[in-house]
Amino acid sequence: MDHFPVFVAVAGRRIVLSGGGEAALAKLRIILKTTAHVSVFAADPHADLHRLAAERRITLVRRPLDHGDALCAALFYAANEDDAEDARVAAIARADGARVNIVDNLGDSDFITPAIVDRDPVTVAIGTEGAAPVLARAIKADLEERLPKDLGVLARIGKSFRHAVDILPMGRKRRSFWSDFYFNDGPAAIERGGPEAILPALGDLLDRHVTAGQTSGRVDLVGAGPGDPDLLTLKARKALDTADVVIHDRLVTKDILELARREALVIDAGKEGFGSAMAQDDIDALIVEHARAGAHVVRLKAGDPTVFGRLDEELAACEAAGIPARIIPGITAASAAAAGIGQSLTRRGRNSAVRFVTGHDTKGYADHDWKTLAAPGQVAAIYMGKRAARFIQGRLLMHGADPATPVTIIENASRTDQRIIATTLGNLEPTMSGSDITGPAVTFLGLAPREALAIDIPEQEAI
């Protein structure tokens, strides 16, 4: 992010603009939405500038900008449509202490003006740092359609009522009040009786929230998917948007954590196989502690919480504490990994079943029905199999598996740094240890990448 988005206070302050043509008028359409004192310097001003001056909406000075003209200005715009003149007035404005924007000159500007959706006092600013103005306009058009015209009326009246709402405790209870106002009671009041009906509706709504009992906590056990934020479910995104507390695993990506509500308390409860970890009992206690305090807790797990996610223990802890909990499934890593190699997990004539197995459990390397897994035509997705690769390889070969059985390792499935390594069971080790795999990996027994199927090479790196 090269430009930090802020809203500059301009009420009662000066905004100065240099220029008298179409570019100046285009900037004024936005500037005049503010409550700033606007001064325009132009030797040959457009007729519309004379009209705005006659209406006392701007102060028009019919000469080029000179030293001292931008003193005490919060913002300065150079819109002369002449590079040399814009550079001259920009230097003057900077010397006068103003922040400078030069129209159509991103590199020499101190700030940029975003595309704006105006529902005063609700303002949505859209910026692309000059990279894609067409995209900014498209987003603006989409938001214009989505945001109701009455939103500004609700916000203005709601702002005047904020001091009364201080009677409600900070946090979830107060947020619940405002959510009801903006999305339920407020719009209903306008539809029923116009803006005059809003204040009585606010009073009735506040009475209900004040007399309501303490809000009980709840827990969402949410699957974050394999890492790509676009693969997060809509229900999971809604849970993150309303969470008071987010307790996440080590494998949940930063991009997904960025979707959590900004005010939420985010707690890393990461675990690593055979490494440092927060004990499961401590995680259970953490979930219960925050939910008992009235928080909406999101327990965020990589992949799907129902697949090797210790889900039952956390559900049992919630049930024992009398805390309501729901499961929001996610896309499990095996599905994303299969998509990444262009394969299906099952296929007629190849395999009618697929096994999800783990390389290790709480006691160490996990044991399985190796004889069945070693049979020809079997497909298995092996989770947490990096450190257990030699153990798995030895057990399968000991039970008669063909050393030429295809094996595919997918690191960081679905992410931008996804890597696919195709090998065979006979070469699983040393391939695994020699590939410097640092991210989460799924190992497929019995599946090769689609493009590798026609290549008679036992071991290759597909990506």
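Could you grab me the full set of residues in segment 423-445 that are assigned to a strand (DSSP E or B) and closer than 12 Å to Glu411 by Cβ?
Of segment 423-445, the ones assigned to a strand (DSSP E or B) are 423-424, 441-445.
Passing the criteria: Ala441, Val442, Thr443.
Are any of the residues in segment 155-163 closer than 19 Å to Val6 by Cβ and modelled with pLDDT of 85 or more? No, every residue in segment 155-163 fails to be closer than 19 Å to Val6 by Cβ and modelled with pLDDT of 85 or more.
Can you pull out every residue in segment 355-374 that is within 17 Å of Gly446 (Cα to Cα) and surrounded by fewer than 15 Cβ atoms within 10 Å (Cβ to Cβ)? Residues satisfying the conditions are Asp369, Lys371, Thr372. So for segment 244-257 (the condition being more than 30 Å from Glu411 (Cα to Cα), at pLDDT 90 or above, crowded, with 16+ Cβ neighbours inside 10 Å and among the acidic types (Asp, Glu)), does at least one residue qualify? Yes - at least one qualifying residue is present in segment 244-257. Filtered by the rule that a residue be crowded, with 16+ Cβ neighbours inside 10 Å and either of a type in the set (Lys, Arg) or closer than 16 Å to Pro148 by Cα (or both), segment 183-202 gives Asp185, Gly186, Pro187, Ala189, Ile190, Ile198.
Counting just the residues of segment 392-415 that are part of a loop (DSSP other than H, G, I, E, B) and in contact (Cβ under 8 Å) with a residue 60 or more places away in the chain, which one comes out surrounded by the fewest Cβ atoms within 10 Å (Cβ to Cβ)?
Among those residues, the one meeting the criterion is Arg415.
Scanning segment 1-29 for residues that are among the hydrophobic types (A, V, I, L, M, F, W, C), crowded, with 16+ Cβ neighbours inside 10 Å and in contact with a Leu (Cβ under 9 Å, 6 or more places away or on another chain) yields a count of 7.
Within the option set Leu60, Leu106, being of a type outside the set (Asp, Glu), more than 17 Å from Val10 (Cβ to Cβ) and in a strand (DSSP E or B) holds for one residue only, Leu60.
Say we look at segment 10-55 and pick out the residues that are among the charged types (D, E, K, R), over 22 Å from Asp83 (Cβ atoms) and not in a helix (DSSP H, G or I); which of these is farthest from the chain's Cα centre (by Cα)? Show your work before the answer.
Here is the first cut: in segment 10-55, the ones among the charged types (D, E, K, R) are 13-14, 22, 27, 29, 33, 44, 48, 51, 55.
Those still in the list that are over 22 Å from Asp83 (Cβ atoms) too: 13-14, 29, 33, 48, 51, 55.
Applying the additional criterion that residues be not in a helix (DSSP H, G or I) yields 13-14, 33, 55.
Working: Arg13: 35, Arg14: 36, Lys33: 30, Glu55: 45 Å.
Restricting to residues being among the charged types (D, E, K, R), over 22 Å from Asp83 (Cβ atoms) and not in a helix (DSSP H, G or I), the top hit is Glu55.
Condition first: assigned to a helix (DSSP H, G or I) and in contact with a Leu (Cβ under 6 Å, 6 or more places away or on another chain). Can you find one or more residues in segment 154-171 that meet it? The answer is no; no qualifying residue exists. Among the residues of segment 74-93, which ones are in contact (Cβ under 8 Å) with a residue 60 or more places away in the chain and among the β-branched types (Val, Ile, Thr)? Selection gives Val89 alone. Please go through segment 279-293 and give me each residue that is assigned to a helix (DSSP H, G or I) and either in contact with an Asp or Glu (Cβ under 8 Å, 6 or more places away or on another chain) or of a type in the set (Gly, Ala, Ser) (or both), ordered by number. Answer for segment 279-293, where residues must be assigned to a helix (DSSP H, G or I) and either in contact with an Asp or Glu (Cβ under 8 Å, 6 or more places away or on another chain) or of a type in the set (Gly, Ala, Ser) (or both): Gln280, Ile283, Asp284, Ala285, Ile287, His290, Ala291.
Determine, yes or no, whether Phe183 is modelled with pLDDT under 85 and either part of a helix (DSSP H, G or I) or under 14 Å from Asp207 (Cα atoms) (or both).
Values: modelled with pLDDT under 85: yes; either part of a helix (DSSP H, G or I) or under 14 Å from Asp207 (Cα atoms) (or both): yes.
Yes; evaluated as a whole, the condition is true for this residue.
On the given criteria, is Ala70 buried (at least 21 other Cβ atoms within 10 Å of the Cβ) and assigned to a loop (DSSP other than H, G, I, E, B)? Yes: the conditions hold for Ala70. How many residues does segment 336-363 hold that are in contact (Cβ under 8 Å) with a residue 12 or more places away in the chain and outside any loop (DSSP other than H, G, I, E, B)? Going through segment 336-363 one residue at a time, the tally reaches 11. Here Thr332 passes the criteria (1) more than 26 Å from the chain's Cα centre (by Cα); (2) of a type in the set (S, T, N, Q); (3) surrounded by 14 or more Cβ atoms within 10 Å (Cβ to Cβ) except the one numbered (1).
Quick check on Glu81: is it modelled with pLDDT under 95, surrounded by fewer than 20 Cβ atoms within 10 Å (Cβ to Cβ) and either in contact with a Pro (Cβ under 7 Å, 6 or more places away or on another chain) or over 24 Å from Val117 (Cα atoms) (or both)? Break it down stepwise before answering.
Working: modelled with pLDDT under 95: yes; surrounded by fewer than 20 Cβ atoms within 10 Å (Cβ to Cβ): yes; either in contact with a Pro (Cβ under 7 Å, 6 or more places away or on another chain) or over 24 Å from Val117 (Cα atoms) (or both): yes.
When the stated conditions are applied, Glu81 passes them.
The values are calculated or read from the model by the stated rules, or taken from the named source; none is laboratory data. What you see is a predicted model; the values in this text were computed from it and never measured. Methodologically, a virtual Cβ is constructed for each residue, glycine included, from the backbone with ideal geometry; neighbour enumeration extends over all protein chains shown.
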